[in-house]
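Read the structure below first, then the notes.
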Amino acid sequence: MKQKLWTLMILLSLCVYSYAQQIIKPGVKTPTTFAIVVDSTSYENAKSALEAYKQSVEADGLGTYLLVHNWKSPEQIRELLIQLHSDRKSPLEGCVFVGDIPIPMLRDAQHLTSAFKMDQKHDWKESSVPSDRFYDDFELKFDFLKQDADIPLYFYYSLRADSKQYLSPDIYSARIKPLELEGVDKYQLLNKYLEKVVKEKQENANNVLDYLSMGRGHGYNSEDPIAWAGEQLAIREQLPQLFRPGSTVKFFDFDVRFPIKNSYLNEIQSEGLDVMLFHHHGASDTQYLNGYEEVSSIGGSIENVKRFLRSKIPSFAEKKGREAAITAYMENYNVPREWCEEAFDPEKIKEDSLYNLSLDIYTTDIHPLKPQARFVMFDACFNGSFYEKDNIAGAYIFSEGKTLVTQGGTVNTIQDKWPDEFLGLLGAGMRVGQLNRLVCYLENHLIGDPTFHFANNSGVDIDINRALVLEEGNMNYWKRQLKSSLPDLRALALKELCKGGYESLPELLEETYFTSDYFVVRLEAMRLLALNYPEKAIKVLQAALNDGYELVRRLACEYVEKNGHPDLIPAFIQAYLNRQHESRLNFKLLSGIGAFDANALLQELDKQVANRRFYDSLFVERIRKQIEQNEKNTQVDMKEMFDTKAKLSRVRLDIVIFRNHPSTVGIDPLLKFASDDTRDKILRLTAIETLGWFNENYRRGDIVSGLKQIKTDDKELKHEIDKTIHRLIVGRGIQNKSQCN
């Protein structure tokens, strides 16, 4: 009876929402459902293709709604998705937004991104995060701010203080927003793409993941070969089927051939390619692959210097004049005058333009291609900027070929993350939409069909898509998966137990880390423990700094910095002394020394150095000098922070530096500043917000206590205090889901 009443309520709600909009219900009954959300104009221009797409998804066992309307606001869509998801008989598992669907531009939520930290005083179009987490994470709460006057699809929202302060999407989502290219009918692009999806689902439904390629660009992860090798080893663990006879796996690096662009564009069109993983820097319309060629010859070195001069002098000349620019660069770099004068040579300008075009991939390179990879991942900034008229992720989707779905970020993204988390589950038939739901940041988006999946060739008999929806919260089910032969499924089980609030999770995570032979399982255990139980993570973090998997070591270094417990100092120093040859780990270690008391670091350094033999100890002196210099800089910054005569802009910088590096030494000064009602209110708000970035610190409880002691009648200050406290304590301990998704 309860189920019947619930179903009736859903139907009545749909009737109310169907006013002035069209709701086409699923044509089949399935355990879960999917929704295609489309604007009225796009529907009229691609009706047959959309209906064929709906039928193809249903043929794959997923009942599909088609929701058509001239959508006026994101709230209209979100409320409808929530209702469909609440259908207990057949809950909504995901959706796709087709055409011109409102774009939520989120503010005051930068802690939910991987790297975005722009001052929100800047233009709202630039300082907001375009994010569909508004639609797929139902527990997030927002205040509507305004609709953009120039771009009506943009709707600005502020994350509320009483909202959940972490991401755990209830459904997956994706965008199919056709490119807007000069002389091209965007609805024709939409039709062709949908027809491509339907054809692929019909003709290659049994296609397995047996061909994967991965390519890296310059500057990625400090170009560390050890990090690069570690990822290849992990791929072997996650997708062992790729390394068996009859399968193909390729690893490309930017410096194996110069320029690498042509090799990548050839590879992306290789017949049979299933997945392409790109690691590089990016812009909305560019995949950055190469810098200047690294050469050892004299002639090549001279030419690189000339190219550098030609790239810099013209802009300097616009400000100071041609002669002043030439003279300045001649003197600064001690180079001949004629090298500088080449910057104004029309032939050289043309030559350089063509040279620069050969280094990177642009959307204009992609449009005429026929990419074959069904799924392409862009581990790069801005490549997933679906809101731009032309963008990298969309260019692959709306080209001819077989690419059905891509993943990329709408804003900048951090390099030191786990880009391949749960990648192995794609081989088990998991929908790409679920992959993005499991590993999302505020900026992560899928472009294309999120229901796409490969046939299961993992050797594990499991309906992973059904389990992710219908077994959520089933502790017994996920405990059984801890013994799976598939490492990524074991790792997923840990995450699902975390989400479900498994009572003995900290103990399980520690035991798993110290007993598992699998890289990805140890990494998942360490991450969940460090991010959710920092007070109980010390023992694991000490060991993880010397783990056999490079990414475990690198992320452990980050968590050690954010944790800040003094007991971590010996392992921190030991990691530097043992592994200073690892360029990316070395970078993380040196950038994290501010987490600890300088005297304690120096004492530990002296203690460990005394028991070692060195042929060359210059690297020891390097960290010693950096510790001492960092301490001097910190003292200067602290003095400036409390100098009432200092420029407000400078004081702000002294405060926000702790967002990137939430050092324990900053806790007490930030609390002192936040509680001082004689200081500028905006700066106090900044200090309070910055304290929210200490959610992984072993002293987060002290921060909460300090914030609660601040007495104020100011609504904005109260709001920020409540929000920061919420970030620090909501879900702590057993119930902490802050990083379980």
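The values are calculated or read from the model by the stated rules, or taken from the named source; none is laboratory data. None of these values were measured; they are calculated from a predicted model. Note that each Cβ is placed from the backbone with ideal geometry, even for glycine, and that neighbours are counted across all protein chains shown.
Structure data summary
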quantity: Helices (runs of 4 or more DSSP H) wholly inside the range 432-486 that include at least 3 residues being touching a strand residue (DSSP E or B) at 6+ places or on another chain (Cβ under 9 Å) and more than 21 Å from GLY384 (Cβ to Cβ); calculated: 464-470
quantity: Filter result (crowded, with 22+ Cβ neighbours inside 10 Å and of a type in the set (Val, Ile, Thr)) within the range 387-415; calculated: ILE392, ILE397, THR403, VAL405, THR406, THR410, VAL411, THR413
quantity: Check on ASN599, surrounded by fewer than 16 Cβ atoms within 10 Å (Cβ to Cβ), farther than 24 Å from ASN221 by Cα and modelled with pLDDT under 95; calculated: no
quantity: Leading residue by the ranking (farthest from LEU468 (Cα to Cα)) among those in the range 135-155 that are buried (at least 19 other Cβ atoms within 10 Å of the Cβ) and in contact with a Ser or Thr (Cβ under 7 Å, 6 or more places away or on another chain); calculated: PHE155
quantity: Matching option when the condition is crowded, with 17+ Cβ neighbours inside 10 Å, in contact with a strand residue (DSSP E or B) (Cβ under 6 Å, 6 or more places away or on another chain) and assigned to a helix (DSSP H, G or I), among LEU277, LEU273, LEU242; calculated: LEU242
quantity: Number of positions in the range 598-621 that are farther than 13 Å from ILE573 by Cα and under 34 Å from the mean Cα position of the chain (by Cα); calculated: 0
quantity: Per-region count, the range 288-304, residues farther than 10 Å from LEU359 by Cβ and either within 34 Å of the chain's Cα centre (by Cα) or acidic (Asp, Glu) (or both); calculated: 4
quantity: Enumeration of residues in the range 699-714 that are in a loop (DSSP other than H, G, I, E, B) and touching a residue at least 60 places away in the same chain (Cβ under 8 Å); calculated: ARG699
quantity: 2 or more residues surrounded by 18 or more Cβ atoms within 10 Å (Cβ to Cβ): qualifying strands (runs of 3 or more DSSP E) within the range 21-72; calculated: 33-39, 63-69
quantity: Search result, residues across the range 583-614 that are touching a residue at least 24 places away in the same chain (Cβ under 8 Å) and either outside any helix (DSSP H, G or I) or assigned by TED's automatic domain parsing to the domain that holds TRP693 (or both); calculated: GLY592, PHE596, ASP597, ARG612
quantity: Any hit, the range 440-462, residues being under 27 Å from ILE226 (Cα atoms) and at pLDDT below 95; calculated: yes
quantity: Segments classed as helices (runs of 4 or more DSSP H), wholly inside the range 299-384, with at least 3 members that are free of Cβ contacts under 8 Å to residues at least 60 places away in the same chain; calculated: 322-333, 337-341, 346-357
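Okay, residues lined up against (1) buried (at least 21 other Cβ atoms within 10 Å of the Cβ); (2) of a type in the set (Lys, Arg); (3) at pLDDT 95 or above:
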residue: ALA493; (1), (2), (3): yes, no, yes
residue: LEU508; (1), (2), (3): no, no, yes
residue: ARG522; (1), (2), (3): yes, yes, yes
residue: ALA537; (1), (2), (3): yes, no, yes
residue: VAL540; (1), (2), (3): yes, no, yes
residue: GLU550; (1), (2), (3): yes, no, yes
residue: LEU577; (1), (2), (3): no, no, yes
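Every residue, every condition in (1) closer than 15 Å to CYS557 by Cα; (2) part of a helix (DSSP H, G or I); (3) touching a Ser or Thr at 6+ places or on another chain (Cβ under 8 Å), yes or no:
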residue	(1), (2), (3)
CYS498	no, yes, no
GLU503	no, no, no
PRO506	no, yes, no
PHE514	no, yes, no
ASP517	no, no, no
MET526	yes, yes, no
ALA530	yes, yes, no
GLU535	no, yes, no
ALA543	yes, yes, no
